[in-house]
Each structure stands twice: as structure tokens, then as C-alpha cells.
Amino acid sequence: MSVLTNDILMNATSESSPVDCTNQYVPPLFFPGLASLNVPSSPKQVQGQPPQAYVNRDQLYELRLGIGSLGEDIVITTISIGFHDNPTPLEVQRRWALWRSKNASERVTSALKIIPEQSPNVYVLDVSQPDRITVAWIPGQNPSLALKFGFLSTDFTHRTGVKGVSARLIISHTALNFPGLNLGATYLPVKSFRGNGAQRRYRNDMRSLGTFTSLRGVTVLETPLPEDEVQVPYL
């Protein structure tokens, strides 16, 4: 991973000035691609509902970014944590305050952490918000992020056990030279556990279904997320 410098940004935009696409036709230079997380989806998928993944807090995961492009513009991607039940803004604030209070003694400051030396072809723009990371990358360079989740599902509620809040891992894209062009957002419901809790939950799901599948796999974030459900930074 590298820090995206002003020189890189200027070189990438030297041939064309940024275009405000809000009120004008935008040629189809881009079409949404799909990100993928290197975890299997739960075998207990409900018909008509998106797949759900289980993760362990502080375990390293690879998030691969992908986008189809007929141009060569830099893509700005925000990876954020939201909530699957789409709560009110007031409830969002309450949940993050609860997360912060539960992690105060452990000095946990981010719900998402990026590992720089293991994130190739990705340029960090912003990690100042605890619930999101913003990066830049160029299509065709196979970028990926090494991520750690800094929360438990039970951090957002007073309930305990498997009844913790189901979060969303949200991926949203814009284009550097087309600031008014939203390239779309997708999400994956996730539940985060302590220790090896994710593996235990996968096995419990398989046992209840009487099936067995590998605990290795990749889940594609393919469920579209409406723009009005992409939660703003909570601070």
C-alpha cells in the first residue's frame, strides 16, 4: 500500500479537468464491479436475502477490489461499517457510542483497520473516521486490502451471545474525474466474533443443516445498496 500523493493525483488528472456530472449526461466510462472478501458465506442463507459472512475480530482478511472500466480514471472507494437493520441516525449514534465505551479499556479506535504493507496497489486517502476507510486505486492493477475488523457484533447492543447486531461491510465507489458520478455501492452482512467464534458458528450452521462444506472460500459483495442507505460517518 502507498500513500496517494498530490503529484499522483495531479498526473492522473492533467489531461482533463474534473467534471461535475450532477446535471449532465455522463458517458458510460464505468460500470460497477464486485469486491470479494476471503471468507465463505454462511450455509444458512435465507432465500431472497443476501449471503452473510462470519469474521473474527482482529483476524486478517483480504478484500479484493474490482471494477469494470472503459476508461483509466482513478477510482475512489470507501469501505465502511453500517448496520443491516438500517436503524435511525439516532440509533446509529447510540450503537457507536456503546461500541466505544465497551472498547475504551482496550484502546480500540477503529472498527476497520488496514494493514499497509499487505495492501498492494492501494493508496490511502483517509482513515480518520473509526467506521470507514477511503482509498484510491487504478482499474487493472488488481488492488487488495488487508483488513482487520475492530468490533464484536455484541459491541453494539446490551444483548450477549449470537444475538449481536448484524453489521454491513459496505463498499462504495466514485470516480476522481467525475465527482458527481456515483459508481454504486454493494454490501455484505457480517457478524464478528471473539477468538475462533466465526469457525464455530460456521460449523454450527452446517451441523443444523446436516451438511458440510469447506471453511475456506470467498464471498462476493454483490448485493446493491441504495445510495440513501449508505450511512454517513457517525462522528
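Under 24 Å between alpha carbons, and skipping anything fewer than 8 positions from K102 in its own chain: which lysines qualify? In chain and number order, the partners are K113, K148, K163, K191.
Provide the FRET efficiency to the nearest 0.05 for the D85-R107 pair, computing r from the beta carbons and using R0 = 30 Å. Using R0 = 30 Å, I get an efficiency of 0.55.
Roughly how large, in nm² to one decimal, is the mean projection of the convex hull of the alpha-carbon atoms in segment 28-158?
On the way: hull surface 39.5 nm².
So the Cα hull casts an average projection of 9.9 nm².
A protection proxy built from the mean count of other Cβ atoms within 10 Å ranks the segments 185-194, 39-48, 117-126, most packed first, as 185-194, 117-126, 39-48. If you take the beta carbon distance between Q118 and R203 as r and set R0 to 35 Å, what does 1/(1 + (r/R0)^6) give as a FRET efficiency, to the nearest 0.05? According to the calculation, E is roughly 0.80.
Say each of T211 and E62 gets a label point 7 Å from the Cα, pointing the same way as Cα to Cβ; how far apart are those two points in nm? About 2.5 nm, to one decimal.
Compute the length gained on full extension between L98 and N142: take 0.36 nm times their separation in residues and subtract their Cα-Cα distance, giving the result in nm to one decimal. Each step should come with its number before you reach the end.
Values: separation 44, 0.36 × 44 = 15.84 nm, distance 3.68 nm.
Residue separation times 0.36 nm, minus the Cα-Cα distance, leaves 12.2 nm.
Bear in mind these aren't lab numbers, they're just calculated from the coordinates by the rules spelled out. Note that this is a predicted model, so its numbers are computed, not measured. All Cβ positions, glycine included, derive from the backbone under ideal geometry; neighbour counts span all protein chains shown.
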